[in-house]
Amino acid sequence: MQRYEIATLSTSMGAAAKAAPAIETFAREGKGKLLGIFYADIGVLNRVLVFRGFETVADYDAERERTLRAANPFGSAEWLTGLELEGYAPFPFLPPVETGSFGPAYEFRTYVLKTGGLEPTIKAWEAAIPARTELSKLTISMYGVDGKPRMTHIWPFASVNERGQIRADSVAQGVWPPKGGPDWLTTDMRSTIAFPTANSPLK
């Protein structure tokens with residue numbers, strides 16, 4: 001995949017399950033590959049996260065245009081109170097996102113980077129990821145191609161409790177965070193724990 005997108009749909013209360021079938025239909029009618037539909041459970045609530053991947057930049061651009069011009073984006077206009085589209089490119093050493101059952105608790109974690117911080121961050125992650133992924137799977141780490149200079153990484157866990165234990169173990173074993181990586185992070189950070197809808201390819 002050359003590009004990924006996270007669409008954040010702010011919705012009316014309890015809309016995720018109702019909107020999920022329409023979101024799937026909208027995504028499959030366009031270019032790219034639907035990777036996941038998630039509802040936020042910890043973090044800012046009443047949000048649905050739609051995760052898509054694109055083989056080419058041209059496909060990504062075409063789908064962004066289609067989404068922006070749609071009268072009923074993601075088939076969810078009746079539930080939408082807001083829509084944000086974020087584009088990403090993968091860290092170059094990582095394989096494409098693999099769909100399947102790896103969760104169901106997915107952490108979406110975003111860091112805004114200091115000026116000039118992307119390249120040293122990629123190098124630090126490339127060195128650290130082999131040891132870190134022996135403890136738990138990484139869905140993807142990617143950097144923003146629009147908006148603020150940032151990176152977002154997605155991790156699946158069997159439960160919120162498992163997430164806490166694995167993160168503690170990774171620090172205790174000295175395999176995480178990546179050496180030198182935090183030097184390039186600002187204090188602008190956010191994390192969302194989200195769970196897949198019934199029709200999400202990532203579960």
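The values are calculated or read from the model by the stated rules, or taken from the named source; none is laboratory data. Everything quoted here is computed from the prediction, not taken from an experiment. Note that we place each Cβ from the backbone using ideal geometry, even for glycine, and neighbour counts take in every protein chain shown.
Below is a table of values for the structure above.
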{"quantity": "Out of P130, P120, sole residue that is outside any loop (DSSP other than H, G, I, E, B), out of contact with any Gly (no Cβ under 7 Å at 6 or more places or on another chain) and surrounded by fewer than 18 Cβ atoms within 10 Å (Cβ to Cβ)", "calculated": "P130"}
{"quantity": "Candidate set: region 57-95, residues that are in contact with a strand residue (DSSP E or B) (Cβ under 7 Å, 6 or more places away or on another chain) and assigned to a loop (DSSP other than H, G, I, E, B); chosen: the one surrounded by the most Cβ atoms within 10 Å (Cβ to Cβ)", "calculated": "S76"}
{"quantity": "Top-ranked residue of region 1-27 - restricted to ones that are touching a Leu at 6+ places or on another chain (Cβ under 9 Å) and among the β-branched types (V, I, T), ranked as farthest from F93 (Cα to Cα)", "calculated": "T11"}
{"quantity": "Output for region 12-38, where each listed residue is surrounded by fewer than 23 Cβ atoms within 10 Å (Cβ to Cβ) and assigned to a strand (DSSP E or B)", "calculated": "K33, L34"}
{"quantity": "Cβ pairs under 7 Å, 6+ apart, first in region 152-173 and at pLDDT below 95, second of a type outside the set (S, T, Y)", "calculated": "none"}
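Every residue, every condition in (1) among the aromatic types (F, W, Y); (2) in contact (Cβ under 8 Å) with a residue 40 or more places away in the chain, yes or no:
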position: F26; (1), (2): yes, yes
position: I42; (1), (2): no, yes
position: F51; (1), (2): yes, yes
position: V57; (1), (2): no, yes
position: Y60; (1), (2): yes, yes
position: R69; (1), (2): no, no
position: F74; (1), (2): yes, yes
position: E84; (1), (2): no, yes
position: L113; (1), (2): no, yes
